[in-house]
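Novice: Before I ask anything, here is the structure I am working with.
Taken together, the values in this text are just the output of simple stated rules run on the coordinates, not laboratory data. Not measured: the values here are computed from a predicted model. Quick reminder, even Gly has a Cβ in these numbers, built from the backbone with ideal geometry, and neighbours come from all protein chains shown.
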Amino acid sequence: MEERTAGVKHIDMRAAWNQASPAYQRRHAIPTDSAHYGPWAPLENELRLLGDVQGRRILEVGCGGGQCSIAFAKQGAVAAGLDLSEVQLEHARALAAAEGVAVEFVQGAAEDLHHFADGAWDIVFSAYAFQYVADMPRCLHECARVLRPEGRLVFSLDHPFRDCFFDDAEREMTLYPARSYFDVTPMTWPFADSEVWMRSYHHTLATWIEMLTTAGFHLLRLLEPAPPAEMLDEIWPYDDPLSALRHVPPTVIFVTARAG
Ligand SMILES: C[S@@+](CC[C@H](N)C(=O)[O-])C[C@H]1O[C@@H](n2cnc3c(N)ncnc32)[C@H](O)[C@@H]1O
């Protein structure tokens, strides 16, 4: 691991996502008719965690190419998206124009939502972005600030159990735990076999719940959806040596409410 990550001490995540964006958007066919919760989870149109979004004000943090915000706008919400990467946002703006919807896209960090007023949003949503946020307590504090009382914060990320099966030295998933569930040192890895280095942050489930409570959120639901069967057959067929990973939840989704 030291050899692979030698010299990768500081990572400019904005530059990293700017570089990774074209490949990320090519690789993932992210829908714009439903919000999603990541590559291995059922869509929001199936899970219905947000209810009817018609007329709701939804801020998406770490919106990437904007697909979820666009889906919300198509379903009648007032949507805005914030992301660190201006290249991801270029993709988002072009996509919104092509889809004929108005979404405000703003460049910024999840830890600093100063662009948005206190209590201005019904829902803060995030899909697969919070694991890249270095200062999560500050981010959650900002999410609470911009939400109205009882507003919802709903977000997904890599399940912390899954992190244990990722060997960042070998750049691949493993059959046996490659790192301890209790090891909270940041994970440093090259994006999709490129030379673009990424950093992501592992917190235990207990820490997530603690951080949410401290920021003033009530946990309403915690979901660990199994991927749809056809996805599993594709990514880990039973004859794959790593097929045991079929039994580890890939995604966790938190549904929370800001205290009134
Ligand atoms: C895996 S992508 C997910 C993007 C989008 N939600 C999706 O589902 O495609 C992670 C996104 O988080 C953004 N990101 C990383 N760190 C961030 C931060 N501190 N603040 C805001 N966005 C961040 C990246 O630029 C990237 O677009």
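Novice: Given the options A41, A23, G65, identify the residue whose Cα lies farthest towards the positive end of the charge dipole of the stretch 1-96 (+1 on Cβ of Lys, Arg; -1 on Cβ of Asp, Glu).
Specialist: So the residue furthest toward the plus end is G65.
Novice: May I pose another question? Could you tell me the center-to-center distance, by alpha carbons, between the stretch 152-183 and the stretch 47-111 in angstrom?
Specialist: 27
Novice: Which value, in debye to the nearest 20, gives the size of the charge dipole of the stretch 148-260 about its Cα centre, when Lys and Arg are +1 and Asp and Glu are -1 at the Cβ?
Specialist: Details: 9 positive and 17 negative charges, 169 e Å.
With only Lys, Arg, Asp and Glu charged at Cβ, the dipole is about 820 debye.
Novice: Compare the peptides 142-155, 99-112 by average per-residue count of other Cβ atoms within 10 angstrom and give them in order, highest first.
Specialist: 142-155, 99-112
Novice: Another question, then. Between L222, L175, W197, whose Cα lies farthest towards the positive end of the dipole of the chain when Lys and Arg beta carbons carry +1 and Asp and Glu beta carbons carry -1, centred on the Cα centre?
Specialist: Comparing the listed Cα positions along the dipole, L222 ranks first.
Novice: Right, something else. Which whole-number percentage describes the relative contact order of the chain, with Cα contacts under 8 Å and a sequence gap of 6 or more?
Specialist: On the way: 520 pairs, mean separation 50.5, N = 260.
Value for the chain: 19 percent.
Novice: Another one. Counting Lys and Arg as +1 and Asp and Glu as -1, each charge on the Cβ, what is the dipole of the chain about the Cα centre in debye, to the nearest 20? Kindly include the intermediate steps, with their values, before the conclusion.
Specialist: Values: 21 positive and 36 negative charges, 151 e Å.
Using Cβ point charges on Lys, Arg, Asp and Glu, the chain gives about 720 debye.
Novice: Tell me, what is a quarter of the convex hull surface for the C-alpha atoms of the chain, in nm² with one decimal?
Specialist: For the chain, averaging the hull's shadow over all directions gives 13.2 nm².
Novice: I would also like to ask the following. Which angle from 0 to 90°, rounded to the nearest 10, does the C-alpha axis of helix 13-27 make with the longest principal axis of the chain?
Specialist: The two axes meet at around 80 degrees.
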